[in-house]
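Peer 1: Okay, here's the structure, questions in a sec.
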Amino acid sequence: MRTSLKALTASATAALLVAGLAACSSSSSEPSSSATPGAAACQNVKSGSTSDSVKVSGDYQKTPKVTFETPLKATGVERTVITKGDGEEAKEGSTVDIALAAYNGTTGKELTAAQGFDGQAAATVQLDDKAYVPGLVRAVECLTIGSRVVLTAPAKDAFGNQDLSQLSLTEKDSVVFVADVVDIPPTRADGKDVAPTAGFPTVKLNAKTGEPSITIPKADPPTETKIALLKEGDGETVQPGDTVTVQYKGVLWRNGEMFDSSWSRGTPASFQTTGVVPGFKKALEGQKVGSQVIAIVPPVDGYGSAGSGEIKATDTMVFVIDILKTSR
């Protein structure tokens, strides 16, 4: 990907738990095309003595109490469904919101702080081995919203080709995932169409995916941030500091070239409104879930005189953003 979400954010505050589980960590200068929905069907991993030995107590979406004897030695991937929900099924390629706790099976210690429990923002993952590590996909795929599950696996099987040392693991270690399947969010804005605003770039949507193509007008860009609605949603209003889940695409005014796109990565992105450049923040806060927003962001509300990668200090950016979810 040309400019990653970490580069878009003013500070890289993504939890190691999710950042470490994301499989698409390419530093290539081209947009990633590998994070498209997987071709393989759900594998429906079976339970076994190792996954059954992990004891989990506590209510759904509340921080679980997880106990198991150490060192836990997993010889294969096993999954025990503790609670089966009655909601929609998380199928292959789906984007899913989960609450997740992860442990080093050898030591019993958390790999990092749990995420998504007790009202915290859920982690948004895509059920595709090319987008996230296999163990996380195996843990959640084919389950329904409302489910709680335990997955145990050798670290090398759970994390695939990832660098285990980033999470203080070795190939001799086992891992334990405990996950709640929270939601299957929409992947595109579903608000009512709004008439285009004069002077803004023209936006056309791919009928199948909803990805926008953005055509820049033959004019000088504005010197102040400009924001307009393309679709108006009727969901919850995004408040300052909320964690939002969005699809977005960014192009440069000077040549129309894309520098970042969640659509190209195949999965929506989640982050706090306070963790992105000012112009992007302005485009989010005060808008309603289900809305599609277009924002013209000059350098003063972008990366300023420093620029960022291929984004020059004089560049005005254009973003089209689908607001899918917000949480406090």
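Peer 1: In whole Å, how far is the Cα centre of segment 167-202 from that of segment 209-240?
Peer 2: Each part reduced to its Cα centre gives a spacing of 19 Å.
Peer 1: Test of the criteria: in segment 191-252, which GluC sites (Glu not before Pro) are in a DSSP loop and have at most 12 other Cβ atoms within 10 angstrom of their Cβ?
Peer 2: Taking segment 191-252 and a limit of 12 other Cβ atoms within 10 Å, the loop GluC sites (Glu not before Pro) found are Glu224.
Peer 1: Mind ordering 129-136, 317-324 by average Cβ neighbours within 10 Å, highest first?
Peer 2: Put in order of decreasing packing, that is 317-324, 129-136.
Peer 1: Okay, next question. Sum -39500 (n - 2.57) across every DSSP H segment of at least 4 residues in the chain, then divide by the residue count to get the 222 nm mean residue ellipticity, nearest 500.
Peer 2: Computed ellipticity for the chain at 222 nm equals -2500 deg cm²/dmol.
Peer 1: Which of Val81, Thr106, Pro64 sits farthest toward the positive end of the charge dipole of the chain, with +1 on the Cβ of Lys and Arg and -1 on the Cβ of Asp and Glu?
Peer 2: Farthest along the dipole direction, towards plus: Thr106.
Peer 1: Please report, as a whole percent, how much of the solvent-accessible surface of segment 107-263 comes from carbon and sulfur atoms (probe radius 1.4 Å).
Peer 2: Carbon plus sulfur share of accessible area: 47 percent.
Peer 1: Once segment 46-146 is represented by equal point scatterers at the alpha-carbon sites, with solvent omitted, what log10 I(q)/I(0) does the Debye formula produce at q = 0.14, 0.24 Å⁻¹?
Peer 2: -0.56, -1.67
Peer 1: Please state the charge dipole magnitude for the chain, taken about the Cα centre, from unit charges on C-beta atoms (+1 on K and R, -1 on D and E), reported in debye and rounded to the nearest 20.
Peer 2: 200 debye
Peer 1: Given the Cα-Cα distance of Asn206 and Thr314 and 0.36 nm per residue of separation, how much length would full extension add, in nm?
Peer 2: Length gained between Asn206 and Thr314: 35.9 nm.
The values are calculated or read from the model by the stated rules, or taken from the named source; none is laboratory data. Because the structure is predicted, anything quoted here is derived from the model rather than measured. Cβ coordinates were reconstructed from backbone atoms using ideal geometry, including for glycine residues, and neighbour counts include every protein chain displayed. Heavy atoms of the whole protein, side chains included, go into the accessibility calculation; ligands, DNA and RNA do not. Shrake-Rupley method; radii C 1.70, N 1.55, O 1.52, S 1.80 Å.
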